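Beneath this line is the structure, given in structure tokens, with notes to follow.
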Amino acid sequence: MRKPGISLPENESERLSALASYRLMDTVPEADFDELTALAAEICGTPIALVTLLGEQHQWFKSHHGTELEQTPRSIAFCSHAILEQDGILVVPDAREDPRFSENPLVTGDTNIVFYAGVSLVNEAGCALGTLCVIGHEQRQLSDRQLSALKTLSKQALMLMELRRKTTLLEHQNLILERNNAALQEFARRTVHDLKNPLTSIILNSQALVIRLRDKVDERTLRLAEMNVSSGKELNELINHLLRESLKD
């Protein structure tokens, strides 16, 4: 259960669906995201920087610079408040003096969060998926230049998420195409087998008929029988050609 008093975005259902489409929750660290958090911590002069993703019940750190924590309950997540800000930015100079956070275990406990600044990761549909945030153990503020840099880095984090989502979607589509192609090849093999057996029988029977009719019927009738053999062979070659084409990579 989430802590009473923490509101949800109006588009929470849509937001969770959008977050799921990125397939990033509970995934392993990635160097591209880690480089962003390292840079954010360096620019802002903080020991900790995170790329967070807010699921229904927990907050997952896609990248965690300066801390071994990988997740927290959403009920105590600072980022739960950040995504509710109209401009998508939340700065808390001293969490110990902020009634929203003064009793938060992340503030009162060993994590010792005092300073927090987070920028929401908002996709094109207007869904705040999480944040890029920096955290410190002392009261402070960010300069305008530092806050501007944090906003820029948050855009880069969102671009990485979009790129990863599109790559994952493409890989999924390629897998479906490969499966469909394999199914079509198997269908082609079975179809050719089902067609070739009776067709071979037709050709052999027609050839036998031509032999029996030779010197016994008029030339026109014999030619009709020979046409059956010729047409059967042409059809057999066409089937073989279709099979070869269907099996090409």
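On the given criteria, is SER7 assigned to a helix (DSSP H, G or I) and of a type in the set (S, T, N, Q)? I'd like the intermediate steps shown before the answer.
Details: assigned to a helix (DSSP H, G or I): no; of a type in the set (S, T, N, Q): yes.
When the stated conditions are applied, SER7 does not pass them.
Take the residues in the range 27-60 that are without any contact (Cβ under 8 Å) to a residue 24 or more places away in the chain and assigned to a helix (DSSP H, G or I), then tell me which one is nearest to GLN139 (Cα to Cα). Spell out how you get there, then give the answer.
Narrowing the range 27-60 to residues without any contact (Cβ under 8 Å) to a residue 24 or more places away in the chain: 28, 31, 35, 42, 58.
Next cut, assigned to a helix (DSSP H, G or I) only: 31, 35, 42.
Values: ALA31: 30, GLU35: 25, GLU42: 17 Å.
So, considering only residues that are without any contact (Cβ under 8 Å) to a residue 24 or more places away in the chain and assigned to a helix (DSSP H, G or I), the one nearest to GLN139 (Cα to Cα) is GLU42.
Is there a residue being within 21 Å of GLN141 (Cβ to Cβ), open to solvent by less than 20 Å² (accessible area, probe 1.4 Å), over 27 Å from the mean Cα position of the chain (by Cα) and at pLDDT 95 or above anywhere in the range 66-74?
Kept after step one, since they are within 21 Å of GLN141 (Cβ to Cβ), are these residues of the range 66-74: 66.
So of that shortlist, the ones also open to solvent by less than 20 Å² (accessible area, probe 1.4 Å) come out as none.
Within the range 66-74, none of the residues are within 21 Å of GLN141 (Cβ to Cβ), open to solvent by less than 20 Å² (accessible area, probe 1.4 Å), over 27 Å from the mean Cα position of the chain (by Cα) and at pLDDT 95 or above.
Among SER63, SER75, which is touching a residue at least 12 places away in the same chain (Cβ under 8 Å) and in a strand (DSSP E or B)?
Details: SER75 fails: in a strand (DSSP E or B).
So the residue among SER63, SER75 that is touching a residue at least 12 places away in the same chain (Cβ under 8 Å) and in a strand (DSSP E or B) is SER63.
Could you check, for the range 98-111, whether at least one of its residues is under 28 Å from the mean Cα position of the chain (by Cα), touching a residue at least 40 places away in the same chain (Cβ under 8 Å) and surrounded by 15 or more Cβ atoms within 10 Å (Cβ to Cβ)?
Here is the first cut: in the range 98-111, the residues under 28 Å from the mean Cα position of the chain (by Cα) are none.
No: zero hits.
Any idea how many residues of the range 18-54 are at pLDDT below 95, surrounded by fewer than 16 Cβ atoms within 10 Å (Cβ to Cβ) and over 14 Å from LEU160 (Cβ atoms)?
Number of matching residues: 4.
Regarding the range 89-97, can at least one residue be identified that is over 25 Å from the mean Cα position of the chain (by Cα), at pLDDT 95 or above and loosely packed, with under 15 Cβ neighbours inside 10 Å?
Residues of the range 89-97 that are over 25 Å from the mean Cα position of the chain (by Cα), as a first pass: 89-97.
If we keep only those that are at pLDDT 95 or above as well, we get 89-97.
Checking the rest, the ones that are also loosely packed, with under 15 Cβ neighbours inside 10 Å come to 97.
Yes, that holds for at least one residue.
Quickly run through the range 152-188 and pick out the residues that are surrounded by 15 or more Cβ atoms within 10 Å (Cβ to Cβ) and of a type outside the set (S, T, N, Q).
LEU153, ALA157, LEU158, LEU160, MET161, ARG164, ARG165, ALA188
Taking the condition of being assigned to a loop (DSSP other than H, G, I, E, B) and in contact (Cβ under 8 Å) with a residue 60 or more places away in the chain, how many residues in the range 141-171 meet it?
Looking only at the range 141-171, we keep the residues that are assigned to a loop (DSSP other than H, G, I, E, B), and these are 141-143.
Filter again for in contact (Cβ under 8 Å) with a residue 60 or more places away in the chain, leaving 142.
Going through the range 141-171 one residue at a time, the tally reaches 1.
The values are calculated or read from the model by the stated rules, or taken from the named source; none is laboratory data. These numbers come from a predicted model, not from an experiment. Counting neighbours? That spans all protein chains shown, and the Cβs are built from the backbone with ideal geometry, glycine included. Heavy atoms of the whole protein, side chains included, go into the accessibility calculation; ligands, DNA and RNA do not. Shrake-Rupley method; radii C 1.70, N 1.55, O 1.52, S 1.80 Å.
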